[in-house]
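Every number here is computed from the coordinates shown, using simple stated rules; none is lab data. In this text the structure is predicted, and so the values were computed from the model without any measurement. Cβ placement follows ideal geometry from the backbone for every residue including glycine, while neighbour counts extend to all protein chains displayed.
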Amino acid sequence: MTRIIADPETFVPDALRGFALAHQGEVRLVYGGVVRAQPLPAGRTAVLVGGGSGHYPAFAGYVGQGMAAGAICGNVFTSPSTGQALRVAEAADAGGGVLFTFGQYAGDVIHFGEAQRRLRERGVDARTVLITDDVASAPVGEEDRRRGIAGIVCVFHIAGASAERGDGIHDVERLARRANERTRSHGVAFAGCTLPGAEHPLFDVPDGAMSVGLGIHGEPGVRDVPIEDASRLAQTLLAPLLEERPEGADRAVVLLNGLGTVKYEELFVLFGHVCDLLEENGVTVVEPVCGELVTSLDMGGVSLTTMWLDDELEELWRSAASAPAFRKGTVTPSAAEAEKPAAGRRPPARPITLSSRPPASEASRSAAAVARELLAVAREAISVEAERLGDLDAIAGDGDHGVGMLRGLTAASDAAGRADAEAGVDTVLEAAGDAWAETAGGTSGALWGGALVSLGASLAAAPDLDAEHVGAAIRAARERIESLGGAQPGDKTMLDAIAPFESAFARAAGDGGDVRRALSAGAAAARQAADATADLSPRRGRARPLAERSVGHPDPGAVSFTVVVDAVERRMRQE
């Protein structure tokens, strides 16, 4: 468990502040992460890495020469927001384009994708390379569905070394993709990890067993097997990596990664057996790394990574690097010194800025007042259910759904409350949605944030707020969620409750029902549909590799949606 905490809610900014103080000559804080203390030379490609916190040395520890130009750091096990990615990109950009590279997780894909889109709109050549090294998360032939674990370090150094030698963004992207295509990882866990401030781990491994195919966000493995000695464990970890060995490959980078509580002497014992097996299979190990590379808080576990080399990848891997957590060879420091905040100072949060709009109509202002009240009602309802939602999420995920929902709704309600009293519903819900996405991060943060913005825009455009027009706004919100997340009903996501809610609301409205009656019908349909997700197997997100564990339990996103709409329906019924 995490024992040194000031406040669980500020664990990540507190840790980043201390990290920047410890490495003042190498990195500087920006709101949302860190960048190099020295600016990149003009025209150089900025390689940006990132994801949720809780994985140190990933991601901030890999900012430096021969590695990344900056790291975007979300909340623990939660993807950073679009705003965070944009601010780090703005601080790191040297005019040679921006390459985002990160493990493939739904929230990261959404937020970084939106940041890429906005950067391109501003004339920045922004690109993305997803890292998909985990063999346990999807079978051969479906490599593009895999998640990224410790193999991210290989891609970070290849991309960073390419940028460092002055390659243009086209080549940096090409080489990062090649590194990803030739990198494979496989891991096991002996014990789960515990979120800061929590009393219990996100999952437990039975005594005398190990969980094979773990994730790095507190997800358990895909199967539990009896614990093995070092010789047998080396075979278990290496076998699937050798099975995907490219034809003719006889050289490999090897990373043996401790996930938090497996210490170096233990890793060295295991690494010796790994090297023996590789030698037996005719593989030459090139500049290996054995230690903590991508952790998962205090998880007891290890992962093994191979990057199968060709001449170009080997040259780049052997090149020098100097980052707080990754040093190779000798680098020549840049003479330019960046302006940076005073030691230990937090970068100021950037406020959400509201779009300029013409004066709101009386109906839109009235709807805005209702929206403010209902956001507060939803926040209170989620606060009561946050622990239950977290426990549900921990069955096949990382256990942070309840905390994330509460954090997002709190930020949304506060932002709506700060909006001008004369603002319309579109302005208020845009502020709320942006604040939700910015503060909560993660997949649900992006989806709820986008849904609120679309809901507000549709309501503001309606001539009146009868059930028909409210139903149209609900449809716009659902369509936005589908376009952002890519899920469909049946994938075991929040959409499995939203779609029935929308349909039942529309039927009641079409039968002449008012908003209250339509809400009642929609809420009942959502509850029934959320319960029915227990029978579904997840086809998207972190729960997909753990589909068997998820069956029999409802989807946490669908359940949290019903908590919200039930609270809204009860409040509207009181009017």
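How high is the relative contact order of the chain, in percent, counting Cα pairs under 8 Å that sit 6 or more residues apart?
Relative contact order here is 14 percent.
What are the residues whose amide H is under 5 Å from the amide H of ARG251, where those residues sit 5 or more places off or on another chain and H is modelled from the backbone?
Under 5 Å from the amide H of ARG251: THR284, LEU309.
Set Lys and Arg Cβ to +1 and Asp and Glu Cβ to -1, take the dipole of the chain about its Cα centre, and tell me which of CYS290, ALA499, VAL222 lies farthest positive.
Checked the options; the winner is ALA499.
Round to the nearest 10 and give me the degree value, 0 to 90, for the angle of helix 152-164's Cα axis relative to the longest principal axis of the chain.
80
Based on the alpha carbon coordinates of segment 130-218, what radius of gyration and maximum Cα-Cα distance (Dmax) apply, in Å?
When restricted to Cα atoms, segment 130-218 yields Rg and Dmax of 16.6, 52 Å.
Mind ordering 182-190, 151-159 by average Cβ neighbours within 10 Å, highest first?
151-159, 182-190
Roughly how many debye, to the nearest 20, is the charge dipole of segment 51-172 about its Cα centre, given +1 on each Lys and Arg Cβ, -1 on each Asp and Glu Cβ, and no other charges?
Using only the charged Cβ atoms, the result is roughly 260 debye.
Can you order the peptides 282-289, 270-277, 191-198, 436-443 by their average number of other Cβ atoms within 10 Å per residue, highest first?
In decreasing order of mean packing, 282-289, 270-277, 191-198, 436-443 become 436-443, 191-198, 270-277, 282-289.
With each label point set 7 Å from Cα along the Cα-Cβ vector, what nm distance links GLU243 and GLU90?
4.8
Please report, largest first and rounded to whole Å, the three semi-axes of the ellipsoid equivalent to the chain, where each semi-axis is the square root of five times an eigenvalue of the C-alpha gyration tensor.
The equivalent ellipsoid of the chain has semi-axes of 42, 28, 20 Å.
Rank-order 162-168, 415-421, 132-138 by packing density, defined as the average count of other C-beta atoms within 10 Å over each peptide's residues, highest first.
132-138, 162-168, 415-421
Looking at PRO80, LEU242, ASN257, which one has the Cα that reaches farthest to the positive end of the dipole of segment 8-328 (charges on Cβ: Lys, Arg +1; Asp, Glu -1)?
The Cα lying farthest towards the positive end belongs to PRO80.
For HIS170 and GLU315, compute 0.36 nm times the residue count separating them, minus their Cα-Cα distance, and round to one decimal in nm.
The HIS170-GLU315 span can extend by a further 50.4 nm.
Per residue of segment 71-78, what does 6.51 cos²θ - 1.76 cosθ + 1.60 with θ = phi - 60° give for ³J(HN,Hα)? Whole Hz please, x for Gly and Pro, Karplus curve as stated.
Each residue of segment 71-78 in turn: 10, 9, 10, x, 5, 4, 6, 10 Hz.
Angle check, please: helix 169-181 long axis (alpha carbons) against the longest principal axis of the chain (alpha carbons), in degrees 0 to 90, nearest 10.
For helix 169-181, the angle is close to 80 degrees.
Starting with the fewest neighbours, write out LEU267, LEU304 ranked by other beta-carbon atoms found within 10 Å of each beta-carbon.
With the sparsest Cβ surroundings first, the list reads LEU267, LEU304.
Give me the dipole magnitude in Debye, nearest 20, for segment 8-328 about the Cα centre, with unit charges on the beta carbon: positive for Lys and Arg, negative for Asp and Glu.
Result for segment 8-328 is approximately 1200 debye, rounded to the nearest 20.
Compute the distance in nm between two label points, each set 7 Å from the Cα along the Cα-to-Cβ direction, one at VAL285 and one at GLU468.
7.2
Looking at segment 8-328, what % of its DSSP beta bridges pair antiparallel, to the nearest 5? Working shown, then result.
Numbers: 32 of 55 bridges.
The answer is about 60 percent antiparallel.
When the Cα centres of segment 381-406 and segment 203-279 are compared, how far apart do they sit, in Å?
30
Quick one: work out the % antiparallel among DSSP beta bridges in the chain, nearest 5.
Antiparallel bridges make up about 60 percent of those DSSP assigns within the chain.
Suppose every K and R has +1 on its Cβ and every D and E has -1 on its Cβ; what is the size of the dipole of segment 362-573 about the Cα centre, in Debye to the nearest 20?
About 320 debye.
Among ALA487, THR410, ALA371, whose Cα projects farthest towards the positive end of the dipole of segment 362-573, with charges put on the beta-carbon of Lys, Arg (+1) and Asp, Glu (-1)?
Among ALA487, THR410, ALA371, the one farthest towards the positive end of the dipole of segment 362-573 is ALA487.
In deg cm²/dmol and to the nearest 500, what is the mean residue ellipticity at 222 nm of the chain if only DSSP H runs of at least 4 residues count, each as -39500 (n - 2.57), divided by the residue total?
Values: 17 runs with 265 residues, N = 575.
Taking each H run of at least 4 residues, the total per residue is -15000 deg cm²/dmol.
I'd like the orientation of helix 11-22 relative to the chain: the angle between its Cα long axis and the longest Cα principal axis, in ° from 0 to 90, rounded to 10.
40
Along Cα→Cβ, 7 Å out, is where each label goes; now give me the distance between the ones at ASP420 and ARG573 in nm to one decimal.
Once both label points are built, they end up 3.8 nm from each other.
By how many nm would the segment from ASP535 to ARG120 lengthen if fully extended, with 0.36 nm per residue of separation less the alpha-carbon distance? If you can, show how the numbers build up before the last one.
Working: separation 415, 0.36 × 415 = 149.40 nm, distance 4.19 nm.
In short, 145.2 nm is gained.
Please turn the phi angles of segment 512-520 into ³J(HN,Hα) values with the Karplus equation 6.51 cos²θ - 1.76 cosθ + 1.60 (θ = phi - 60°), one per residue in order, whole Hz, x for glycine and proline.
x, x, 7, 4, 5, 5, 5, 4, 4
In 5 Å bins starting at zero, report the fraction of Cα pairs in segment 207-293 per bin as a rounded %.
P(r) over segment 207-293, rounded to whole percents: 3, 12, 22, 26, 21, 12, 4, 1, 0.
Tell me, in nm to one decimal, what length is gained between THR2 and GLU228 on full extension, where the rule is 0.36 nm per residue of separation less the Cα-Cα distance? Could the numbers behind the result be given before it?
Numbers: separation 226, 0.36 × 226 = 81.36 nm, distance 2.74 nm.
Stretched out fully, the THR2 to GLU228 stretch lengthens by 78.6 nm.
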